[in-house]
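The block underneath contains the structure these notes are about, expressed in structure tokens.
The values are calculated or read from the model by the stated rules, or taken from the named source; none is laboratory data. For clarity, every value in this text was computed on a predicted model and none was experimentally measured. Positions of Cβ are generated from backbone atoms using ideal geometry, with glycine treated the same way; all protein chains shown enter the neighbour counts. Areas reflect the complete protein model, heavy atoms only, side chains present, ligands, DNA and RNA absent. Shrake-Rupley method; radii C 1.70, N 1.55, O 1.52, S 1.80 Å.
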Amino acid sequence: MSATKERLPYIDVAKGLLILMVVWGHFELILRETHKTSDPVVAYWDHVEIIWSAFFMPAFFFITGLCGNFNKPFKKFVIQSFRTTLLPALIICVSITLVKYLTWAPSFIWIVKTMVKDVGFRLTGEWFIPTLFLCRIGVWALAKVRRLWLRLFVSLMSFCLGLYLYNEQPGLPDVWYFKHSLMAMVFMVLGNVLSARRIKDGVYFLSLCLYLVVIMSLIALDAHVPYFTNRIEIGFYEISLSLMISISGILGIFWISRKIGSNPLLEYLGRNSLVIYLLHFTLYEILMGVVIEHFNVSPYISLILVVAIYVATIAIASLCAALLNTRYMRWVLGKGSLNVKRRMASEL
């Protein structure tokens with residue numbers, strides 16, 4: 001896989017498939033945590049996630065390493081990372097949270113204190129965003145190490161350290177999810193290493209086959225499937241297994257996306273995966289709340305509701321992404337000039 005500045009359609013297709021997996025996996029969580037409701041159909045829907053749980057979040061870090069430019073000067077790199085990662089999350093998540101708090105919070109002082117605390121310790125409330133930002137900074141530093149084996153070794157040790165802190169030091173505050181960042185660096189480093197190498201199509205296919213054989217064997221044996229998401233379920237004895245199925249799954253999804261070829265819908269979802277990620281939680285909460293009393297009425301109704309809410313969430317988030325990509329809103333996503341408001345005012 002050779003490094004290139006040209007946008008590769010199969011990467012966006014892969015991201016499109018991955019964000020569909022992300023939104024799929026949060027349905028049961030939102031129904032249970034926000035609306036305190038369970039439904040057998042939703043439980044089955046959620047159980048399907050086990051097929052891709054081992055690789056779908058590491059894949060986003062891998063793709064960032066694959067497509068990122070880690071040769072920029074540090075200041076320029078940090079500013080760009082802030083604009084394209086933290087800025088959209090801060091604007092969207094803080095705005096949504098503020099609206100929620102204004103509807104029920106006991107006082108304005110409470111809102112200010114709570115939001116300062118949330119931003120200070122969790123940044124945006126969504127683990128993936130601060131993890132991605134800190135991971136990018138770490139990989140920028142590792143990219144300066146010339147010896148490939150040393151980069152890989154340090155990133156592997158970082159993975160082990162992050163896992164140790166997560167499993168054995170739960171009392172240590174995971175500020176900005178730095179424990180997750182330590183673990184995620186190995187995937188981003190691997191992506192960055194492979195960006196300068198050409199991988200044969202057969203490797204992608206064999207990786208997919210390996211992943212399917214291993215994951216289906218684990219499921220058939222009712223064995224534990226290690227995974228890395230907001231919740232990390234990896235034992236120290238599972239490190240090798242976890243890395244193997246994560247990497248094979250990532251390369252396998254690339255084989256699928258390359259075979260799909262150009263697909264405008266999936267490419268659009270992939271290009272706007274960050275916006276969809278940030279909005280789908282709130283959209284789920286709203287849409288589920290409208291029809292919450294219809295769950296558990298019958299399996300058929302529940303299935304219709306699940307599919308309808310899932311599709312509607314993707315569709316609405318995509319429309320919002322289209323709005324944010326318009327001329328005077330692109331600055332929210334870190335695109336174009338941050339002085340767009342000034343230009344707009346001069347035109348009016």
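Please identify the pairs in which a residue from the range 246-267 that is at positive phi has its Cβ atom under 8 Å from the Cβ atom of a residue that is in a helix (DSSP H, G or I) and open to solvent by less than 50 Å² (accessible area, probe 1.4 Å), counting only partners at least 6 apart or on another chain.
G261/Y10; G261/V13
Let me confirm something: among D118, D39, which residue is over 17 Å from G334 (Cα atoms) and at pLDDT 95 or above?
Unique residue meeting the criteria: D39.
Quick check: is even one residue across the range 236-255 within 18 Å of D39 (Cβ to Cβ) and not basic (K, R)?
no
What are the residues in the range 143-162 that are free of Cβ contacts under 8 Å to residues at least 24 places away in the same chain, assigned to a helix (DSSP H, G or I) and of a type in the set (D, E, K, R), if any?
none
Can you list the helices (runs of 4 or more DSSP H) found entirely within the range 20-112 that contain at least 2 residues being touching a Leu at 6+ places or on another chain (Cβ under 6 Å) and over 24 Å from I245 (Cα atoms)?
Ranges flagged: 40-47, 87-104.
Tell me which residues, restricted to the range 59-96, are in contact with a Gly (Cβ under 7 Å, 6 or more places away or on another chain), among the hydroxyl-bearing types (S, T, Y) and open to solvent by 40 Å² or more (accessible area, probe 1.4 Å).
If the condition is that a residue be in contact with a Gly (Cβ under 7 Å, 6 or more places away or on another chain), among the hydroxyl-bearing types (S, T, Y) and open to solvent by 40 Å² or more (accessible area, probe 1.4 Å), then T84 is the only one that fits.
So which residues in the range 174-233 are buried (at least 16 other Cβ atoms within 10 Å of the Cβ), in contact (Cβ under 8 Å) with a residue 40 or more places away in the chain and part of a loop (DSSP other than H, G, I, E, B), if there are any at all?
Once the filter is applied, which keeps residues that are buried (at least 16 other Cβ atoms within 10 Å of the Cβ), in contact (Cβ under 8 Å) with a residue 40 or more places away in the chain and part of a loop (DSSP other than H, G, I, E, B), the range 174-233 yields S195, V225, P226, T229.
Quick check, is R147 under 23 Å from G65 (Cα atoms), surrounded by 13 or more Cβ atoms within 10 Å (Cβ to Cβ) and among the charged types (D, E, K, R)?
no
Identify, by number, the condition in (1) β-branched (V, I, T); (2) modelled with pLDDT of 95 or more; (3) surrounded by fewer than 19 Cβ atoms within 10 Å (Cβ to Cβ) that I309 doesn't meet.
Every listed condition holds for I309 apart from (3).
Within the range 162-173, can you find the residues that are loosely packed, with under 14 Cβ neighbours inside 10 Å and of a type in the set (A, V, I, L, M, F, W, C)?
Result: L172, single match.
Whether any residue in the range 34-50 is of a type in the set (D, E, K, R), open to solvent by less than 10 Å² (accessible area, probe 1.4 Å) and under 17 Å from the mean Cα position of the chain (by Cα) is what I want to check.
Checked against the condition, which is being of a type in the set (D, E, K, R), open to solvent by less than 10 Å² (accessible area, probe 1.4 Å) and under 17 Å from the mean Cα position of the chain (by Cα), the range 34-50 yields no hits at all.
So the check is Cβ under 7 Å with 6+ separation or different chains; which pairs have a first residue in the range 327-338 that's at pLDDT 90 or above and a second one that's part of a loop (DSSP other than H, G, I, E, B) and open to solvent by 70 Å² or more (accessible area, probe 1.4 Å)?
So the pair list comes out as W331/L338.
I'd like the residue in the range 277-299 that is in a helix (DSSP H, G or I) and open to solvent by 40 Å² or more (accessible area, probe 1.4 Å) and, out of all such residues, is nearest to I30 (Cα to Cα).
E285
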